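The values are calculated or read from the model by the stated rules, or taken from the named source; none is laboratory data. This one's a predicted model, so the numbers in the text were calculated from it and none came from an experiment. For neighbour counting, all protein chains shown are included, and Cβ atoms are generated from backbone atoms with ideal geometry for every residue, glycine included.
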């Protein structure tokens with residue numbers, strides 16, 4: 001009997017009858033996961049919203065939480081997620097509440113569990129691949145220049161708005177560009 005958490009409902013593990021109609025994104029994702037164990041999706045910035053990156057395949061391949069990072073340079077964030085994905089593949093997946101001292105290009109990163117109501121808006125490629133979320137997603141939160149995280153005293157209001165706070169339910173999320181761009185469907 002399965003506990004449900006270890007089960008994977010992705011398009012690789014289950015035939016949903018539409019494999020011959022998968023789009024280019026899904027086909028490329030399948031190739032990356034088959035070759036590397038996971039894929040990293042880049043969402044380019046759209047003024048005024050910064051970009052973000054997220055993984056697909058860590059759960060399928062390693063039963064490790066998927067990862068997402070927001071608000072920085074998408075190529076630097078991609079590099080960070082690739083590094084963290086390789087750590088997960090080697091048996092060192094991140095956990096909710098963990099602070100890793102050198103995870104974000106030599107700076108600490110905090111890992112926070114994403115509220116599943118954000119999945120469709122923030123991770124549409126993962127929802128398409130896995131078909132039956134929720135699955136564990138962790139937001140990789142990066143600090144300011146003094147290595148303070150957005151919720152810590154001493155950070156500026158501008159810095160607190162650079163990344164969404166997806167561990168909060170949408171009704172509790174602070175207003176701003178992220179809540180407008182990632183507004184969950186009713």
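Structural remarks
- Tally, over region 169-181, of residues that are in contact with a helix residue (DSSP H, G or I) (Cβ under 9 Å, 6 or more places away or on another chain) and surrounded by 14 or more Cβ atoms within 10 Å (Cβ to Cβ): 4
Per-residue answers, yes or no, for (1) part of a loop (DSSP other than H, G, I, E, B); (2) touching a helix residue (DSSP H, G or I) at 6+ places or on another chain (Cβ under 6 Å); (3) within 18 Å of residue 52 (Cβ to Cβ); (4) in contact (Cβ under 8 Å) with a residue 24 or more places away in the chain:
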position	(1), (2), (3), (4)
119	no, yes, yes, no
151	yes, no, no, no
155	yes, no, no, no
183	yes, no, yes, yes
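- For region 157-179, the candidate set comprises residues that are in a helix (DSSP H, G or I) and touching a residue at least 60 places away in the same chain (Cβ under 8 Å); within that set, the residue that is nearest to residue 120 (Cα to Cα) is 178.
- One residue alone among 102, 158, 96, 147 is surrounded by fewer than 17 Cβ atoms within 10 Å (Cβ to Cβ) and modelled with pLDDT of 95 or more, and that residue is 96.
- Residue in region 122-131 that is out of contact with any helix residue (DSSP H, G or I) (no Cβ under 8 Å at 6 or more places or on another chain), surrounded by 13 or more Cβ atoms within 10 Å (Cβ to Cβ) and either over 21 Å from residue 38 (Cα atoms) or modelled with pLDDT under 90 (or both) present: yes
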